[in-house]
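Values in this text are rule-based calculations from the coordinates and carry no lab data. Everything quoted here is computed from the prediction, not taken from an experiment. As a convention, Cβ positions derive from the backbone with ideal geometry for all residues, glycine included, and neighbour counts pool all protein chains shown.
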Amino acid sequence: MIKARSLTKIYGTTTAIAGLTFDLEAGEVLGFLGPNGAGKTTTMRILTCYIQPTEGQAEVAGFDVATQSAEVRRRIGYLPEGVPLYHDMTVRAYLKFMAAAKGYGRALRNEYVQNAMEQTGITNVAGRLIGHLSKGYRQRVGLAQAILGDPKVLILDEPTIGLDPAQVHEIRELIKQMAHKRTVILSTHILPEVSMTCTRVIIINRGRIVAQGTPEKLTSELQSEGMTRVVAKGPINDMRVKLDALPGVTGVYVKSKPDGNVAEFEIKSRRGADVRSAVASAIVGSGWELLELHSEGMTLEEIFLKVIASEKEVQEYAA
Ligand SMILES: Nc1ncnc2c1ncn2[C@@H]1O[C@H](COP(=O)(O)OP(=O)(O)O)[C@@H](O)[C@H]1O
Ligand SMILES: [Mg+2]
C-alpha cells in the first residue's frame, strides 16, 4: 500500500531524511518512532504530497507521490503535527469547510461530515466553537477531518502529543478503531504507544532507519543481553573463571579454538551492564595479556535508549 525508496530530503545544509526505504502492506499500522528532528514529519509530508523529496520515490496505493499527487491525496487522510484548527469555527462548519477543500460536492459533504463525527464521537459538540473544546476533543476534530471521505490510508503525526493520560487513552482507542480496515502510519516518541497500537515499528534517528520489525520482535530484541568479545593471552581456564565472576557477567564462552595460550572469549552480560573496563582490568591486573576487546554492535535497546536520550536532551533544551 505504501512504498518508499531511498527517500531523501535536504534543506540547505540540513539532511532531514537520508535514504529511507520501507514498505507497508494494506491493513498494517506502522509506528514511526524517533526523537525530535529525526525526520518523522518530513517523511509524512512527502507521503502526503506537501513537499517533494530531494531524491528517491514513494508510492501510495500504486500512485507516485511526485507525479500523481491528486490520486494520492484522494486516498490519504492526514493529521498534521499540531493540527491547525480554526478556533472560531464550530466543529460542523470546520469539517464542512475541510470537506469542501478536499473537493467533495455539497451532497457528499454532509454525509461525510456526519460519518466522520460519528466515528470520532463528536456529534454532541457539532455546534460548539473549536476554541472552546478540550485538547482531547480538538484532537478528535482533527481525526474527524482526516477520515472525511473514508480514505484507506491515514497518516497521523504525533496524534497524542500534548494530551493528558486520560485523553491519550481515548485517542489511542479511537485510532485503533480507525485503523480497522485501513493502512496507518503514526509517528510517536513513546515506545509503549507503539506496542499498544502498531503492527510494525520503524525507529528513525537523524533521518535514518536504525531499527524495524514487529513490536514483538523489537521487544524481544530489546531484552537481549549484551555481548563483549575478548582475545587474551594467559591460562585459558583461569581467565574464564575470572571473567565469569565479574559483576554483570552472565556467561563466558571460549569461542575460537584455543591456540596455545591465546583464546577468544564471548562474554554475555546483563542488559545495561557495560563490562568492558572490568574485563580489561581483570585481565591486565592478573598479569595476562589483553589482545582485543570490543562490544558487539549495538543492541536494539542501546539504540532505542540512545534515541530516547537524545530526545530528552532536545526536550530539556527546549524547555
Ligand atoms: N522547512 C524546513 N527547513 C529547514 N529544515 C527543516 C525544515 N523542516 C524540517 N527541517 C529539519 O529537518 C530535520 C527533521 O525534521 P522533522 O522531519 O520535523 O523531524 P521530526 O518530525 O522527527 O521531529 C530537523 O533537523 C529539522 O530542523
Ligand atoms: Mg515532527
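Mean residue ellipticity at 222 nm from the helices of the chain, using -39,500 (n - 2.57) per DSSP H segment of n ≥ 4 over the full residue count, to the nearest 500 deg cm²/dmol?
Roughly -11500 deg cm²/dmol at 222 nm, from the helical runs in the chain.
³J(HN,Hα) across the stretch 240-257 via Karplus (A = 6.51, B = -1.76, C = 1.60, θ = phi - 60°), whole Hz, x for Gly/Pro?
Coupling constants for the stretch 240-257: 4, 4, 4, 5, 5, 7, 5, x, x, 7, 10, x, 10, 10, 7, 7, 8, 5 Hz.
Mind giving me the FRET efficiency for Lys176 and Arg229? R0 is 30 Å, r the Cβ-Cβ distance, nearest 0.05 is fine.
That gives a FRET efficiency of 0.10.
Using the number of other C-beta atoms within 10 angstrom as an exposure proxy, rank Tyr50, Tyr78 with the fewest first.
Tyr50, Tyr78
What per residue convex hull volume, in Å³, do the alpha-carbon atoms of the stretch 225-298 yield?
73 Å³
Anything over 27 Å Cα to Cα? Flag those among Lys217/Lys242; Lys102/Lys152; Lys102/Lys217, in the order listed.
In this structure, Lys217/Lys242; Lys102/Lys217 lie more than 27 Å apart at Cα.
For the pair Ile161 and Asp23, what calculated FRET efficiency results from E = 1/(1 + (r/R0)^6), where r is the Cβ-Cβ distance and R0 = 30 Å, to the nearest 0.05?
0.70
Would you be so kind as to identify which of Ala126, Gly285, Ala16 lies farthest towards the positive end of the dipole of the chain, taking Lys and Arg as +1 and Asp and Glu as -1 on Cβ and the Cα centre as origin?
The listed residue farthest towards the positive side: Ala126.
I need Ile51, Ile130, Ile267 ordered by Cβ neighbour count within 10 Å, fewest first.
So the residues, fewest neighbours to most, are Ile51, Ile130, Ile267.
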